[in-house]
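J.: Handing you a structure now.
The values are calculated or read from the model by the stated rules, or taken from the named source; none is laboratory data. The shown structure was predicted, so the numbers you read here are calculated from the model rather than taken from an experiment. Glycine gets a Cβ as well: all are built from the backbone with ideal geometry, and neighbour counts include every protein chain shown.
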2 protein chains.
Amino acid sequence: MLTTTEKLFKIFADKNRLRILNLLLQRKMCVCELAFVLQVTQPSISRHLKRIKETGLIADEQDGFWTNYFLIKNSKAGVILKSVKSFLKNDKVIKADLERLKKAERTKLCSK
Amino acid sequence: MLTTTEKLFKIFADKNRLRILNLLLQRKMCVCELAFVLQVTQPSISRHLKRIKETGLIADEQDGFWTNYFLIKNSKAGVILKSVKSFLKNDKVIKADLERLKKAERTKLCSK
DNA sequence: TATCTATATAACCATTCTGTTATATACATT
DNA sequence: AATGTATATAACAGAATGGTTATATAGATA
C-alpha cells in the first residue's frame, strides 16, 4: 500500500498529467484532443494516459476512429482529484486549457 | 499554481517522505529519530525534510542539541495529509514504523 | 484485401531524483 | 575558547522521468 500510494501521488506530481486530469474532469476526451489542448506531442499524451490508467484513475473505450479516455467514478483517488480541482481553479495555464478545450473538436483536429 | 501543485504532490510521491509525514502526524521528531525509525542515513532524512519544509508543510524549531520538525497546522495540504493517513493506515511498513517509533528516544539514539 | 488514420510503443537524450559517503556548520557544554 | 554532538551540505553514482522523433499496431473504410 505504501508503494501504491507512492505511485498514486506520482501521477499527480507532473504538470501535464494534472492538466490532463483537469480536462477529464470536464468531459471524456481522445488523445488528439488532449494533444491539441496541451500543445504536446501525441506520444507524450499517450504515455501519460497509460500511466494514469495503470493507477485505476481512468479508463478508455473505443469510439470509431478514436479512443476516449474518461475518469473512473468512485476511484480511491476521488478525494485527491477534488483537491486538485480546487488547487488549480485559478491557474493561468489551466484557464487557457479550458478555453482551448472549447475549440477541441476531434473531427477537425486529427485530419492530416 | 500549477507548478506549486506539481511540487506539492512531488512531496507525497516518495515512499520515505510518506513515512516521515506519517510519523510527524504522531508527534514532532528530530532528525536522528526519523533516521532510526526509517533505517535510512541521516543526510537522506535531512534532505527530505528540507524539501518538505520548502513546500510549507512542516517547520522546525531548535530544542537543545536537536532540531524538531513538526507539521504546520492548517496548511493547504492538510486535506491531502488526511488522505495519506487513511491510505497508509493498514500498511505493513507503516505499522512497523509506528512500532519502532515507540523505541525512538533521542537521548539514547544519537550518542556515538 | 488494401489503404488510411488514430493511437501505442521503441529508442534516444537531457534532466531530475534518491541514496550514499565525506565534510562543513551550528549549537551546547565544559 | 575548546570540544563534542546533531544536523546541513557537497559530491557522486545509479535509477527513473519526460519530451521528442521514428516506427509499429489496430481499427475503419473502400
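J.: Quick check, is residue A:10 at pLDDT 95 or above, within 13 Å of DNA strand D (Cβ to nearest atom), under 17 Å from residue B:8 (Cα atoms) and over 13 Å from the mean Cα position of the chain (by Cα)?
T.: Working: at pLDDT 95 or above: yes; within 13 Å of DNA strand D (Cβ to nearest atom): yes; under 17 Å from residue B:8 (Cα atoms): yes; over 13 Å from the mean Cα position of the chain (by Cα): yes.
Judged against the criteria, residue A:10 is a match.
J.: Anything in segment A:16-47 that is in contact (Cβ under 8 Å) with a residue 12 or more places away in the chain, closer than 23 Å to residue B:12 by Cα and not aliphatic (A, V, I, L, M)? List them, or say none.
T.: A:16, A:17, A:19, A:22, listed by residue number.
J.: Continuing with the same structure: Among the helices (runs of 4 or more DSSP H) contained in chain B, which hold 2 or more residues that are surrounded by fewer than 17 Cβ atoms within 10 Å (Cβ to Cβ) and either more than 8 Å from every other protein chain (Cβ to nearest Cβ) or not charged (D, E, K, R) (or both)? Full working, then the answer.
T.: Details: elements: B:2-12, B:15-24, B:31-38, B:42-54, B:78-88, B:92-102, B:106-109.
In chain B, the matching helices (runs of 4 or more DSSP H) lie at B:2-12, B:42-54, B:78-88, B:92-102, B:106-109.
J.: Quick check: is even one residue across segment A:70-87 over 22 Å from residue B:85 (Cα atoms), in contact with a strand residue (DSSP E or B) (Cβ under 8 Å, 6 or more places away or on another chain), aromatic (Phe, Trp, Tyr) and away from DNA strand D (no atom under 15 Å from the Cβ)?
T.: yes
J.: A further question on this structure: In segment A:18-65, which residues are away from DNA strand D (no atom under 12 Å from the Cβ) and more than 24 Å from residue A:92 (Cα to Cα)? Full working, then the answer.
T.: Applying the first criterion (away from DNA strand D (no atom under 12 Å from the Cβ)) to segment A:18-65 yields A:21-30, A:32-33, A:36-37, A:53, A:56-59.
Those that are away from DNA strand D (no atom under 12 Å from the Cβ) and more than 24 Å from residue A:92 (Cα to Cα): A:53, A:56, A:57, A:58, A:59.
J.: While we're on this one: When you look at residue B:94, is it modelled with pLDDT of 95 or more, within 16 Å of DNA strand D (Cβ to nearest atom), among the β-branched types (Val, Ile, Thr) and closer than 30 Å to residue A:86 by Cα, yes or no?
T.: Working: modelled with pLDDT of 95 or more: yes; within 16 Å of DNA strand D (Cβ to nearest atom): no; among the β-branched types (Val, Ile, Thr): yes; closer than 30 Å to residue A:86 by Cα: yes.
No.
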